[in-house]
1. When only C-alpha pairs under 8 Å and at least 6 residues apart count, what is the relative contact order of region 10-164, in percent?
2. Between rounded, prolate and oblate, where does region 87-164 land on the alpha carbon gyration tensor, with a ≥ b ≥ c its root eigenvalues, rounded for a/c under 1.5, else prolate if a/b exceeds b/c?
3. Can you spot the lysines whose alpha carbon is less than 17 Å from K60's alpha carbon? Ignore those fewer than 8 places along the same chain.
4. Which whole-Hz couplings ³J(HN,Hα) result when phi for each residue of region 13-28 is put into the Karplus expression 6.51 cos²θ - 1.76 cosθ + 1.60, θ = phi - 60°, listed in order with x for Gly and Pro?
5. Going by the alpha-carbon gyration tensor, a ≥ b ≥ c the square roots of its eigenvalues, is region 1-90 rounded (a/c under 1.5) or, if a/c is not under 1.5, prolate (a/b greater than b/c) versus oblate?
6. So how much slack lies between D16 and H163, counting 0.36 nm per residue of separation and subtracting their Cα-Cα distance, in nm?
7. What FRET efficiency would be calculated for the residue pair K60, D144, taking the C-beta separation as r and a Förster radius of 30 Å, to the nearest 0.05?
8. Amide H to amide H under 5 Å from V154: which residues, 5+ apart in sequence or cross-chain, H placed 1.01 Å off N in plane?
Amino acid sequence: MKKIAFIGPNSENCSDQLYDFGVELGRAVATADTIIICGGRGGFMEAVCRGAKESAGTFKGQTLGILPEATAESANRWVDVTIPTGMGLARNAIIVNSGDIIVAAGGGTGTLSELAFACQMGKKVLCITTFDGWAARLAAADVDAISPGLLIPVATIEEILGHL
């Protein structure tokens, strides 16, 4: 199974265009050998989970939400498996570490922290450049000497699929 972690803005900061892109992306990556990992809440995380669950290729247990709270109530309705951590934003490290590859879109400081964790962990990140936010700003950047070449710019779903 390939584990793909999706990071990006929450409901308050996710544009309609990014949400729609996330739904289409979720549909495109939902195959029999793919697990979708995210923060489990709204915005881009919800969009990708929704797209996956609306896909013909989905299966029970495919979408996994790693929540900051100690209970599962905040999970979006398209998350199959909830992991309530009670860790707050520290759960961002778990999200990133759980993925074989990371897909980042838009994003504020939460996404920025996840991008930093990804670089520190040596994880490849597909940074979607089509939407404003940290993912686009850092695409192709070598943040420091331990992370050269990890932040890969992509603009389309086809480009993303080509890297998975």
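Quick note: the coordinates plus some simple rules give every number you see, no bench work behind them. Just so we're clear, the structure is a prediction, and the values are computed from it rather than from any experiment. Note that each Cβ is placed from the backbone with ideal geometry, even for glycine, and that neighbours are counted across all protein chains shown.
1. Details: 326 pairs, mean separation 25.5, N = 155.
For region 10-164, the relative contact order is 16 percent.
2. Working: a/c = 1.43, a/b = 1.33, b/c = 1.07.
Here region 87-164 falls in the rounded category.
3. Within reach: K2, K3.
4. Result, rounded to whole Hz: 10, 9, 5, 4, 5, 5, 4, 4, 4, x, 4, 5, 5, x, 4, 6.
5. Details: a/c = 1.97, a/b = 1.21, b/c = 1.63.
Since a/c reaches 1.5 but b/c is at least a/b, the shape of region 1-90 is classed as oblate.
6. On the way: separation 147, 0.36 × 147 = 52.92 nm, distance 2.53 nm.
Here the segment from D16 to H163 would lengthen by 50.4 nm.
7. Numbers: r = 41 Å, r/R0 = 1.35.
About 0.15, to the nearest 0.05.
8. C127, I128, T129
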